[in-house]
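The values are calculated or read from the model by the stated rules, or taken from the named source; none is laboratory data. The model shown is predicted, which means the values in this text are computed figures rather than measured ones. Don't worry about glycine lacking a Cβ; one is built from the backbone with ideal geometry, like all the others, and counts go over all protein chains shown. Note: areas computed on protein heavy atoms with side chains; ligands, DNA, RNA excluded. Shrake-Rupley method; radii C 1.70, N 1.55, O 1.52, S 1.80 Å.
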Amino acid sequence: MAALKSKRYISADEEDRITRKIFQVTLRNSTEKASPYPNTNEIYLEKRAAILTGENKSLNLCEDLMETVLIDRCFSGEFDDAEPTFPYLIGCYRRAFEQEKQINILMNKQLEHDMTCIVRRAKSLAVSYCLMIHFLNYLRLPNSRVSSSNESPLVRLLFAKVSPRTSRDSLNCPPGFFTDILEKMDIYLLNLVLRSLYEDLSERVLKESLLSDSFQPPLAALIYLVESPYGAKALVNHPMWLPKGANGLKIEKTSILGPFFHVSLLSDDRFRHQQGDLVFTGTIKTYVNRLHDGLEKVLLSLLENADTQENVLRFIGEIIVKNSSMANLQFDPTCASLGMIVNLGAVMLRLFKTFLNKDTRREGEIDVRYVIYNTRLSLSKLTSLHSSLDEVIAWIFRNKVKRISGTTSSLKTEHTFFCEWFFMTARVLHLGLIKSLSELEQTYEELEEIDPYSLKQLVGAAAFPQRNLDAEQGLDEDFQLCWQKYCSYLYQVLLDKPLLQQALSFYQLVLTWIVDHVGGFKMPLPSTCPIEFACVPEHFVENAIDLLIAVFKYSKLLGGDMIPKMDEYMNFIIMFMANPTYIRNSYIRERMVELLNFCVSKRNLSCYTVTIFEDNQLCLTYLVRNLLMLCVEKEIAESPNPRKFRTNVLRILEFLWKIPTHCNAWRKIAEEDTGFYLVLLKILVDEIMSNLPQSDNEFNEIIPVGEQEDTEYGNKIGSNVSYVIKNVHILAVTSEKITAPFLLPQMVDSVVTMLNYFLFRLVNVHGKSSGRGRIQNNCLKVLLKEVVSIYVHLARGDRENIFPAAISKNSSQSYSQQVFMDATEIVQHEDNRVTQEFIELGAKVAALKVMDSDAALGDIPTEFLDPIEFTLMRDPVTLPSTKTVDRAVILRHLLNYKTDPFTALPLTQDMLIPNVELKAKLDMFLESKQSDGNGET
């Protein structure tokens, strides 16, 4: 027995009226008087009316006839002049929506229920047939759907829904239409719809440019769809969510999300023809922000959905792995574009901040063992700060043994989402943002090499380099391409100040996390490097330093507000820049020094940067010593650019010398660790002597000290002479308060040789290149003043006439009384006190009248001669090898080598034994020579 229909409270005429109003069709000819609701907009379905009449059925429209009359209206082919099918169906939905709003004010609940069923059935049919039209389009023209004539009207409707301001379509999306699709459609049908929509959006955005707003409708549509749980699931389950076996470039071009991250100036040739005024209206900055805002919303929706989070991590992990070679000097052609990776990093940074702010305790979730145990990123293959693969394996084995024995909790092999996001963000920034900053520098160097004059003209004095197509068109084609590439990095990367600020904050956390493995920001460090610290990928630290160097280097363009609080960076640098036990790679520690050099450069000095050098406790206690240690150790000598490395160290030291606390620390080191300081002095003196100009012309090409600062767009170190100046300058400023080490027997002769030779050459250049009493090259005059000041400073601190005696003894090489007199004449108008003291020193040297004391002694017995230099011994000491040598000679030897010169066995200063017996015989010999009047000692 058939089920009885439930009682209906709506009349047939009312049902007919509502249905006719929604679908704008009728089964009654409007000319007939029998039509109670004549409406000129209604289409008369004559054939359907005839069929119903022949079957003696009512001509009232009802719910049961809805789909039939809808098919007649849309697909019978009888009404080609009527409104097109898709807009008509949208109109049906809109009219049904309006009817539903009116129903809600009825007082009769039973009647309200019947009417609601009718309009909802009408809405459902309208949605279903719109989707059918979409599929007909999608299936019939799979290769040309992007053309305007064949594009899906459903996509246009979606754009009208999510981006009405940018949509040029006259079709308006009625309220609730896409909600009905996402919430009320059959799951199988919904997946098919969404799959085609995602493909369409992806194909569209791949062809769009950052230089217009055309990428925004597809992005807004994507955001809208993934906010629905069904939409999010359909996206990550799409076959092209992560194409199987795809390389980095194919993921960018063919995956669903890849093209959205592809939108970038860095991968858009259209930027070459874009006028410069686009930049200065803030358009690019606005578009970049809109792009990143939208992509952030997309990923956030997917990550907050438990059903889709893992798919996102898998997608990003695959991007990292397939593009890992982007860190190399040369790009692999199968890698994605740099623009895509930069965009991905920007979005990941935003999300990292969001996740961290939700729960600051999450910092504790970052587990260094992820480097070893994760199966997604292969981080264990990266170069670590200090550990070898064998050490890591041994560490793993020890922990496993402990786990088995039950002495500790088991090792975690699964990590939290936040932990994964931390390491993924670090990797993506390494491949994207940091790589782009490196490319920026390399591109500028290429421009300098091609045409430095044109580069200077284009950069000009403006606050920011401007694109000028007229100026560019007259340039070499290679230069044009390189310049356009350079500007794209400037405009998209450096103009994105929020991106740089978020990256700086991220790396501050990275450094803090790394230091936590050694007990925090404190010294001294443990004697052995913990494996947890040692196995951190070294690029984590290198990238942090590189980023901050870029911010300092471009501070004029970015503004001083971009420089972050430096405490974490400063503490980290002080702790590790001179410690190869913790950071093996000397290049990273060299970059730390370069960063400090930028901090103290004139254009970057601010109240804050000065304050941190004066207030930071680690800085006050350790910075000077660590910098001096770098000068002494082999770090600088083994650097690819030792001159630049040492110059940076000396600039920082020069700055610190002016700060009383650091100056006192420096003096304390010289007083308490004389052996260490002597090595330092010898290195400085040797550097000066080995880099002195070989001709007078080289002296005349000296770059003034004030012009040796780093330029805004490059870091050019001057000539040999400029390098010598920096070394001389540091001796000049420090010798005023530190003199004792210069006057020690093992040091004084080397210092005097350097000073006398320098003085001789400078005076000689003066005599050849200028009129009497002046030097045309003012920089040479400054250098001469500094050399003179070293003489005076050492003479002030000399209480035993060691210094003048050494000068006079050096006369056979470069000293002469005439050179002293000429030098006095040149500098006499500069500083009366210094000039007077220099004159007095010259007089004292002349008065000693010691031209060559050893020669005046005549024949010297062999036992009194030093066996190393064959000069008269003054203070004989016996070595463990029983050899007797002069104390000054062996101490000079120990400055370079810590071994006995006769046996190569280890030798230190405290192993030297005074030869009292030989010293007595030597004194008697000298006294006898004096009494005979044969010489002076």
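Among what's in segment 357-368 and is of a type outside the set (Ser, Thr, Tyr) and without any contact (Cβ under 8 Å) to a residue 60 or more places away in the chain, pick the residue that is most open to solvent (accessible area, probe 1.4 Å). Even if it seems obvious, please write down each step before you answer.
Of the residues in segment 357-368, the ones of a type outside the set (Ser, Thr, Tyr) are 357-359, 361-368.
Cutting the leftovers down to without any contact (Cβ under 8 Å) to a residue 60 or more places away in the chain gives us 357-359, 361-362, 364-365, 367.
Working: ASN357: 104, LYS358: 129, ASP359: 45, ARG361: 186, ARG362: 61, GLY364: 71, GLU365: 55, ASP367: 15 Å².
Once the filter is applied, the top-ranked residue is ARG361.
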(message) I'd like the full set of residues that are outside any loop (DSSP other than H, G, I, E, B), closer than 30 Å to GLU671 by Cβ and at pLDDT below 80, limited to segment 794-836.
(response) LYS809, ASN810
(request) Within segment 623-650, count every residue that is within 24 Å of SER735 (Cβ to Cβ), open to solvent by 20 Å² or more (accessible area, probe 1.4 Å) and either part of a helix (DSSP H, G or I) or in contact with a strand residue (DSSP E or B) (Cβ under 6 Å, 6 or more places away or on another chain) (or both). (result) 5
(request) Among the numbered conditions (1) within 20 Å of ASN343 (Cβ to Cβ); (2) of a type in the set (S, T, N, Q); (3) open to solvent by 30 Å² or more (accessible area, probe 1.4 Å), tell me where SER209 comes up short. (result) (3)
(message) Take SER149 and tell me if it is modelled with pLDDT under 85, more than 24 Å from TYR287 (Cβ to Cβ) and surrounded by fewer than 16 Cβ atoms within 10 Å (Cβ to Cβ).
(response) yes
(message) Residues that are among the aliphatic types (A, V, I, L, M), farther than 25 Å from LEU490 by Cβ and at pLDDT 95 or above, at least 1 per element: which helices (runs of 4 or more DSSP H) completely within segment 258-322 meet that?
(response) 283-303, 309-322
(message) Here's a check for you: in segment 132-146, which residue that is under 47 Å from the mean Cα position of the chain (by Cα) and either surrounded by 18 or more Cβ atoms within 10 Å (Cβ to Cβ) or in a helix (DSSP H, G or I) (or both) is modelled with the highest pLDDT?
(response) HIS134
(request) Kindly list, by first and then second residue, each pair from a residue in segment 238-253 that is of a type in the set (Lys, Arg) to a residue that is in a helix (DSSP H, G or I) and surrounded by 18 or more Cβ atoms within 10 Å (Cβ to Cβ), limited to pairs with Cβ atoms under 7 Å and residues at least 6 apart or on different chains. (result) LYS253/LEU206; LYS253/PRO259
(request) Return a yes/no flag: does segment 615-629 have any residue that is out of contact with any Lys or Arg (no Cβ under 6 Å at 6 or more places or on another chain) and modelled with pLDDT under 90. (result) yes
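Look through segment 863-912, keep the residues that are among the aliphatic types (A, V, I, L, M), part of a helix (DSSP H, G or I) and open to solvent by 10 Å² or more (accessible area, probe 1.4 Å), and return whichever of them is farthest from LEU684 (Cα to Cα).
Going through segment 863-912, the residues among the aliphatic types (A, V, I, L, M) turn out to be 865, 868, 872-873, 877, 879, 885, 888-891, 894-895, 904-905, 907, 911-912.
Okay, now just the ones that are also part of a helix (DSSP H, G or I), so 888-891, 894-895, 911.
Checking which are open to solvent by 10 Å² or more (accessible area, probe 1.4 Å) leaves us with 888, 891, 894-895, 911.
Numbers: ALA888: 19, LEU891: 17, LEU894: 16, LEU895: 12, MET911: 27 Å.
Across segment 863-912, the extreme among qualifying residues is MET911.
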(message) Looking at (1) over 14 Å from PHE260 (Cα atoms); (2) open to solvent by less than 10 Å² (accessible area, probe 1.4 Å); (3) within 23 Å of the chain's Cα centre (by Cα); (4) not polar (S, T, N, Q), which one does VAL312 not meet, given that it meets all the others?
(response) (3)
